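Below is one structure, written out as structure tokens; comments come after it.
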Amino acid sequence: MTQGLPPDGAPPGQPWWVTGSLVWAVAVSLVLLSVGALAGRPDVALLGVAPLLASLSATWLRPRGQVWADSAQSETTAGVLAQRVQLSAPPGCTAVRLRLGRPEHGFSEVLVHVPLHREIEVTARSVRTGPQQLFRVEHQGIGGGGLTAGPVGEEAPDAVVVLPRSRTMPALPLPSRMRGLTGQHDSRRPGQGGGLRDVHPFLPGDSIRQVDWKVTARRSPNLEQLYVRRTMALGEAAVVLVVDSRDDVGPDPTTWSGIRSIRPDDATSLDLARQAAMTVAEGYLAVGDRVAVEDLGVRRRGLRPGTGRRQLDRVVQQLALLRPEGDPRRRIRPPRVSAGSLVYVFSTFLDAEAADMARAWRRMGQGVIAVDVLPNVRTRGLDARQWLAIRLIRIEREDRLAELAAAGVEVLRWPDAAGTTERLQLASRRSRRRPGRSMAGVVHR
Amino acid sequence: MRLWALRNRLRELFGLPPVPPRPGSAVVPAAPRVEVAMAGAVPGAVVRLLPPVLVVAGAALSGATGFAWYLTALAAIAVTWWPRYPWAAIVVGFFGLWLFGRDDLLALDAVAGTVPGLWRMAALVLTVHMLLVGTALAAHVAWRSLVETGVLLRGARTVLATQAIAQSVLLLVAWLRAWQPVGQEWLRLVAVAAVVGVALLVVPREWLVRRPRRVPD
């Protein structure tokens with residue numbers, strides 16, 4: 001915001017300048033009037049009456065000061081960027097010429113009527129998330145039906161952070177080990193609160209409340225032996241979301257160099273990564289699990305593991321602020337994650353670093369899910385060299401992803417929504433399988 | 001596919017939103033644009049195309065013939081593509097020239113006692129005024145921009161106020177012609193004096209004063 005509303009009592013400013021058309025109109029009108037008067041031709045003289053009157057009234061009544069534009073509160077959501085622009089024009093202003101634009105959308109020009117004060121709403125459709133710039137506003141007042149014009153003003157664009165929107169995910173896999181003594185999931189340890197582990201003869205230390213009287217009556221009608229129900233302990237899952245923020249590429253490979261801007265209705269890889277990570281975080285935090293966030297693109301410490309609604313807000317904010325920052329050094333070791341965590345790696349896998357990290361975690365015994373967030377690439381309109389380059393990149397990527405799958409990493413492709421949901425549901429059922437249970441959760445007797 | 005692209009190109013020229021491609025088509029739809037909420041809008045192309053129409057109308061009303069029509073065509077092109085330049089005022093000057101070269105439009109029909117060219121003159125006065133104002137407005141309008149109807153209505157209100165005076169003067173002249181067909185030389189002298197007076201009174205003083213030379217640093 002470079003300009004605010006004019007303060008009360010501010011000087012009215014310089015009068016607007018007259019255009020060349022007005023000066024010429026006055027000159028031609030006076031010539032016509034003179035010739036008509038001298039030659040006794042009222043028809044010729046009358047031609048100059050209206051232009052002269054219009055020009056002189058525009059000159060005498062030309063406004064002073066300048067048009068003020070101020071950005072009001074913006075209501076930006078994922079999908080639509082919106083901003084309200086307040087305009088104040090001096091008396092006598094016929095119209096305000098506005099030029100509004102963003103680098104991705106280009107500029108739109110309009111001529112609007114401003115009766116002293118007015119608020120107009122500017123919108124633009126965009127699927128992009130994260131730090132975004134709103135609209136640059138250039139404005140100029142026009143008076144006297146276009147015969148006078150005011151100074152040109154400019155408003156710098158406001159910066160906003162567009163939060164990602166999650167997708168619904170019916171089920172998510174669990175890590176092989178649970179942490180803690182509380183949570184929503186059955187742990188592998190015996191304890192309190194979980195599902196049935198077994199029925200066991202009563203031992204010293206067992207509580208009398210654990211005695212299963214039905215089983216005892218069936219197995220020991222004379223009560224020589226009591227039987228107790230032993231249960232599993234509860235635990236919480238620890239999940240680490242590792243987002244590779246080094247790449248932010250769109251579906252059009254010709255924009256990957258960064259020279260051409262990405263279309264605003266094209267979601268980039270980072271938009272998809274934000275959406276995917278938020279979907280996963282929401283799913284785990286909703287059932288009380290712990291979620292942490294790491295960024296492969298920076299050396300800063302990531303978001304520590306946490307749980308609850310506030311942690312979700314922190315995760316969303318952290319994800320929204322991700323963006324490529326310079327040219328980071330290559331990582332030798334993967335970021336530390338706590339033992340027994342389930343690691344999600346969100347990356348385009350256009351280079352080997354994210355895949356190397358995923359394999360390293362897998363070798364350490366962590367459960368790893370690699371989420372490929374490269375958008376569906378549009379190859380239409382590529383020339384032969386570009387097509388060859390994209391083909392080589394594709395071959396390399398496919399090899400990389402195949403190596404990941406061979407190393408025991410679950411590989412998902414996020415743009416394929418149905419496939420990702422299905423794969424995650426299957427992984428979820430596999431992860432909940434316990435010895436003695438089938439895939440459908442039926443206990444084998 | 002080309003037809004779809006051409007159609008959208010034309011729609012864009014007139015400020016209309018693009019139509020989506022047919023289902024199953026492989027074309028990529030146009031990128032979204034910045035949209036401004038306005039209370040009714042006219043495409044900028046319409047505003048830009050109004051002055052050439054008025055040029056042709058003015059030429060017809062002022063009695064252009066032969067070579068004058070070539071000049072009219074050139075003037076129409078000029079006001080369409082370069083509305084910032086003072087072509088409209090120059091064209092009005094040509095209208096006056098062509099009018100001067102023909103019989104007086106406000107001449108009295110001695111038999112009927114009326115002024116037969118009155119309506120034509122009234123239309124010409126209106127056309128010339130609209131041409132100047134329309135060109136001045138078109139100078140601020142890009143081909144792909146949108147013009148709110150409120151702007152046009154306000155411009156029309158200003159034109160009407162000025163036209164009320166101009167058309168009243170026209171009726172006064174016609175009435176004077178009908179009232180006293182001959183012996184109006186004194187009126188001519190009054191008109192010349194009035195023009196000089198108007199020129200001295202209404203033109204801003206700074207336009208008539210030579211600007212002082214800038215002192216070199």
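For chain A, a Gaussian network of Cα nodes joined below 10 Å ranks A:Pro151, A:Pro201, A:Pro131 by mean-square fluctuation, and the top entry is A:Pro201.
As a proxy for reagent exposure, A:Ser29, A:Ser207 were ordered by neighbouring Cβ count within 10 angstrom, fewest first; the result is A:Ser207, A:Ser29.
By the count of neighbouring beta-carbon atoms within 10 Å, fewest first, A:Phe346, A:Phe135, A:Phe107 end up ordered A:Phe107, A:Phe135, A:Phe346. Both radii were evaluated on the Cα set of the protein assembly as shown; the Rg over Rh quotient, with Rh as the Kirkwood radius, amounts to 1.24. Inter-chain neighbour count for B:146-154: the average number of beta-carbon atoms from partner chains within 10 Å of each residue's beta-carbon is 6. Summary: within chain A, the longest segment free of GluC sites (Glu not before Pro) located in DSSP loops with at most 13 other C-beta atoms within 10 Å is A:76-223. Taken over region A:292-445, the ratio of Cα radius of gyration to 2.2 N^0.38 Å equals 1.21.
Placing unit charges on the Cβ atoms of the charged side chains and taking the dipole of region A:189-234 about its Cα centre, the candidate lying farthest along the positive direction among A:Val228, A:Leu196, A:Val211 is A:Leu196. Computed from the alpha carbon atoms alone, the convex hull of region A:134-257 holds 283 Å³ per residue. Both radii come from the Cα set of region A:189-234: Rg as radius of gyration, Rh as Kirkwood radius; their ratio Rg/Rh reads 0.99.
From its DSSP helices (H runs of at least four residues, each -39,500 (n - 2.57)), the protein assembly as shown gives a residue-normalised ellipticity at 222 nm of -13000 deg cm²/dmol. Taking region B:14-160 on its own, what percent of its Cα-Cα pair distances exceed 25 Å? Result: 44 percent of Cα pairs exceed 25 Å.
For the protein assembly as shown, the residue among B:Gly15, A:Tyr284, A:Gly20 whose Cα projects farthest onto the positive side of the dipole built from Cβ charges is A:Tyr284.
Under a Gaussian network description of chain A, with springs only between Cα atoms under 10 Å, the residue in A:Pro15, A:Pro42, A:Pro63 that fluctuates furthest is A:Pro42. For region A:189-234, a simple Cβ point-charge model (Lys and Arg +1, Asp and Glu -1, everything else neutral) yields a dipole of about 160 debye relative to the Cα centre. Give me the tail of P(r) for region A:68-161 as a percent: Cα-Cα pairs with distance above 19 Å. Everything past 19 Å amounts to 39 percent. Inter-chain neighbour count for A:88-95: the average number of beta-carbon atoms from partner chains within 10 Å of each residue's beta-carbon is 2. Result for chain A in a Gaussian network model with C-alpha springs under 10 Å: among A:Ala427, A:Ala58, A:Ala237, the largest mean-square fluctuation is at A:Ala58.
Residue by residue along B:90-96, Cβ atoms of other protein chains within 10 Å of the local Cβ number 6 on average. The modelled label-to-label distance for the pair A:Gln425/B:Val53, using points 7 Å beyond Cα in the direction of Cβ, is 6.0 nm. The three principal axes of the C-alpha atoms in region B:105-205 carry coordinate ranges of 55, 40, 19 Å, sorted with the longest axis first.
A dipole drawn for the protein assembly as shown from +1 and -1 charges on Cβ atoms has a positive end, and of A:His185, B:Ala60, A:Val80 the residue lying farthest that way is A:His185.
With both labels modelled 7 Å from their Cα along Cα-to-Cβ, the A:Leu388 to A:Thr254 distance reads 1.9 nm. Here the protein assembly as shown is assigned +1 on the Cβ of each Lys and Arg and -1 on the Cβ of each Asp and Glu. Its dipole about the Cα centre then comes out at about 2800 debye. Charge dipole (Cα centre; +1 on Lys/Arg Cβ, -1 on Asp/Glu Cβ; no other charges) of region A:290-336 amounts to roughly 280 debye.
Values quoted throughout were computed directly from the atomic coordinates according to the rules given, and no laboratory measurement underlies them. This one's a predicted model, so the numbers in the text were calculated from it and none came from an experiment. All Cβ positions, glycine included, derive from the backbone under ideal geometry; neighbour counts span all protein chains shown.
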